[in-house]
1. Mind checking whether some residue in the range 96-111 is assigned to a helix (DSSP H, G or I), within 13 Å of LEU154 (Cα to Cα) and under 23 Å from the mean Cα position of the chain (by Cα)?
2. Looking only at the range 207-223, filter to residues that are within 16 Å of the chain's Cα centre (by Cα) and of a type in the set (D, E, K, R); which one of those is modelled with the lowest pLDDT?
3. Answer yes if at least one residue in the range 24-39 is of a type in the set (Gly, Ala, Ser) and within 22 Å of GLY171 (Cα to Cα), and no otherwise.
4. Restricting the range 268-289 to residues that are in contact (Cβ under 8 Å) with a residue 12 or more places away in the chain and assigned to a helix (DSSP H, G or I), which is farthest from the chain's Cα centre (by Cα)?
5. Exactly one condition in (1) closer than 21 Å to THR120 by Cβ; (2) in contact with a helix residue (DSSP H, G or I) (Cβ under 8 Å, 6 or more places away or on another chain) is not met by CYS75; state its number.
6. Looking at (1) surrounded by fewer than 21 Cβ atoms within 10 Å (Cβ to Cβ); (2) more than 16 Å from the chain's Cα centre (by Cα); (3) assigned to a helix (DSSP H, G or I), find the lone condition where VAL183 falls short.
7. Which residue is modelled with the lowest pLDDT, if the candidates are limited to the range 237-267 and must be hydrophobic (A, V, I, L, M, F, W, C) and in a loop (DSSP other than H, G, I, E, B)?
8. Among the numbered conditions (1) within 15 Å of the chain's Cα centre (by Cα); (2) modelled with pLDDT of 95 or more, tell me where LEU229 comes up short.
Amino acid sequence: MIELQIELGDRSYPVRVGAGARHHLLDVLPIGVRRAAIVTQEAVGVTVDPGVEHRTFTIPDGEDHKHLGTVEDLCRDFARWGLTRGDVVVAVGGGLVTDLAGFAAAIFHRGVPVVHVATTLLAQIDAAIGGKTGVNLPEGKNLVGAFWQPAAVLCDTETLATLPPREYRNGLGEMAKYAFLGVDGLRDLSLDEAVAACVRCKAEVVASDEREGGRRAILNYGHTLGHALETASAYDLRHGEAVAIGLVYAAEVALRLGRIDAARVVEHRRTVAAYDLPMTLPPGIEPSELVELFGRDKKAVDGLTFVLDGPAGVEPVRVADRALLLDALEAVR
């Protein structure tokens, strides 16, 4: 078992990575917890034993259920069971479960502890780490949410063996991102080591900027177009697939701004291709619609902001040239 720590002062917490990590749940529950509300989905098919009184609450499958109505239903179920701040929420599943259950934990009684048992590659290397929680609106991805750090995260790599191929590739989209954030040789590492390397990278960034006031924005590399594509495709495109296209697009934007050269763009394409991920826009999505969606991105505080590669590495950059953005979209059509 690989033991890591997210260093956030009195909100620091452990992350355990390895086969069978879910069986360590009792070890990482907050001290004195009386009961556990286990939140999962039917399709997850992973059971856990928290070692205390518990009840399982099942939420619907599918990104179209990641909305405020599901959060309300879950919180009402918590209330009927009598969940208190002395209890704990345990999210068992992928990024949708950890995002949604984490948000419900953040707002129920103004904050109940949560532990994430991440069962997908995407959740293990990204969604379950760092305290971001949230749900979608029809207008865009993850527009409502809260920062709520978990008490612990268990990344059970044993559960990845049963993932459908497309769901596994969904996580590889986020893994490809880390290749441009300073994590070298990912494809040469064992699965456990690769997951731990991504967690270690994210942990260092989150520790330096917990609430995305600056540097943490680099973790959104590829996500501006990625989130727009998810919304425009009505979530027919998976998150990791959309981020993969977003990585190539971000490279094309950076090229047009003179931040990188053509060889670096080729490197982006080669990395994404090596993970068997898409690199072009799905048919039927209009570039003008995507540019409009860019304006709803959470980074767009003072104009459109993209995370772009450059001489100093990946960093947030304001881009005001709509024609340039449209031209770069033509390069990924």
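1. Yes.
2. Across the range 207-223, the extreme among qualifying residues is GLU212.
3. Checked the range 24-39: no residue is of a type in the set (Gly, Ala, Ser) and within 22 Å of GLY171 (Cα to Cα).
4. SER288
5. (1)
6. Exception for VAL183: condition (3).
7. Taking the range 237-267 and keeping what is hydrophobic (A, V, I, L, M, F, W, C), we get 237, 242-245, 247-248, 250-251, 253-255, 257, 260, 262-263, 265-266.
Now drop any that are not in a loop (DSSP other than H, G, I, E, B), which leaves 237, 257, 260.
Values: LEU237: 95, LEU257: 98, ILE260: 98.
So the residue we want is LEU237.
8. LEU229 satisfies all of (1) within 15 Å of the chain's Cα centre (by Cα); (2) modelled with pLDDT of 95 or more except (1).
The values are calculated or read from the model by the stated rules, or taken from the named source; none is laboratory data. All values reported here derive from a predicted model rather than from experimental measurement. Methodologically, a virtual Cβ is constructed for each residue, glycine included, from the backbone with ideal geometry; neighbour enumeration extends over all protein chains shown.
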